[in-house]
Amino acid sequence: MPNILLIKVGDTFPTLQAQQGDFEQMIYQTLSQSSAQFTLYDPRKNPSHPSLSNFDAIIITGSHAMVTDQEDWSEALLPYIREMYQCNIPVLAICYGHQLVAKALGGESGFHPKGPEPGTVEVITTEQAATDELFHALPKSFRVNVAHSQTVLQKPSTAVVLAANNFEPHQALRMGNIWSVQFHPEFNRETTQFYVREIAEQIRDHQGDVEAIYRNCQDTPDSELLLKRFVEIATSMSA
């Protein structure tokens with residue numbers, strides 16, 4: 001069974017934590033049928049990064065922090081991410097992790113010029129996704145749950161786009177051994193609805209229909225499949 005390092009770079013809202021757990025619990029729940037072992041690491045509390053040689057794969061969570069704030073713990077992760085890239089360990093980075101990976105590997109992340117992207121949205125896979133180890137089993141279009149105001153403004157030169165939509169051209173990227181997604185494969189309908197309510201004012205500031213977005217929130221099984229497939233890849237590499 002693979003030993004996966006779960007890098008926790010943020011916390012969800014306290015009320016949601018009480019209802020559904022924090023980001024890591026949501027990931028564990030999605031992977032409840034998996035035999036993987038997880039080691040939780042929070043770089044905000046411990047600046048000593050674990051040795052990558054002890055792990056078969058890495059997952060980086062989302063966060064309410066902003067990459068552009070350049071917090072010390074976040075900036076310290078940039079060379080660590082470059083080390084992951086160089087040593088060819090499988091990585092799946094989610095939302096904030098997606099943006100941080102892009103920055104670490106030469107891209108640019110910042111606020112989306114159109115404002116936040118909330119709710120359940122459709123993404124379209126690219127031609128490159130059809131032969132990608134992680135994405136190939138997904139349909140051409142599938143639904144994902146999102147809650148972000150920052151984004152990858154410019155992808156790294158080595159990045160291949162695997163999924164996009166009209167709002168977000170970088171919904172999923174691959175940079176060698178690193179996959180990153182702007183959406184949250186661990187979010188279910190209730191989690192996404194909670195986020196829509198929490199950021200309702202921001203949505204209205206950008207002329208969004210909060211009630212329509214809330215009603216449209218769904219569970220996203222195809223998106224969840226990415227997490228499960230990622231663990232399968234880690235398992236095959238650890239065998």
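With both labels modelled 7 Å from their Cα along Cα-to-Cβ, the Ala76 to Glu198 distance reads 2.5 nm. Across segment 145-239, the fraction of Cα-Cα pairs farther apart than 20 Å, rounded to a whole number, is 47%.
Testing the spin-label approximation: label points 7 Å from Cα along Cα→Cβ at Asn3 and Phe167. State their distance in nm. Here the answer is 4.0 nm between the modelled labels.
Can you list the lysines whose alpha carbon is less than 29 Å from that of Lys140, not counting same-chain residues fewer than 8 positions off? Answer for Lys140, where 29 Å is the Cα cut-off: Lys103, Lys114, Lys155, Lys228, listed by chain and number.
Length available on full extension from Gln29 to Glu232: 0.36 nm per residue minus the Cα-Cα distance, which gives 71.5 nm. Under 5 Å between amide hydrogens, built in the peptide plane, is the criterion, and for Gln171 it picks out Ala163, Ala164, Asn165 among residues at least 5 positions away or on other chains.
Stretch Thr39-Gln218 to full length: gain in nm at 0.36 nm per residue minus the Cα-Cα span? Please list the in-between numbers first.
On the way: separation 179, 0.36 × 179 = 64.44 nm, distance 2.98 nm.
Using 0.36 nm per residue and subtracting the Cα-Cα distance, I get 61.5 nm.
Report the Stokes-Einstein translational diffusion coefficient (µm² s⁻¹, integer) for segment 186-239, Rh taken as the Kirkwood radius over Cα pairs, at 25 °C with viscosity 0.890 mPa s.
This corresponds to a translational diffusion coefficient of 188 µm²/s.
The sum of -39500 (n - 2.57) across all DSSP H runs of n ≥ 4, divided by the residue count of the chain, sets its helix-only mean residue ellipticity at 222 nm to -10000 deg cm²/dmol. The chymotrypsin sites (Phe, Trp or Tyr not before Pro) of segment 117-181 that DSSP puts in a loop, and whose beta carbon has at most 16 other beta carbons within 10 Å, are Phe167. Beyond 17 Å, the tail of the calculated P(r) for segment 1-120 holds 58 percent of the Cα pairs. Applying 1/(1 + (r/R0)^6) with r as the Cβ-Cβ distance of Ser157 and Glu133 and R0 = 22 angstrom yields a FRET efficiency of 0.55.
Only the coordinates and a few stated rules stand behind these numbers; no lab work does. It should be emphasised that the depicted structure is a prediction, and the values quoted were computed from it without experimental measurement. Heads up, the Cβs are rebuilt from the backbone with ideal geometry, glycines too, and the neighbour counts pull from every protein chain shown.
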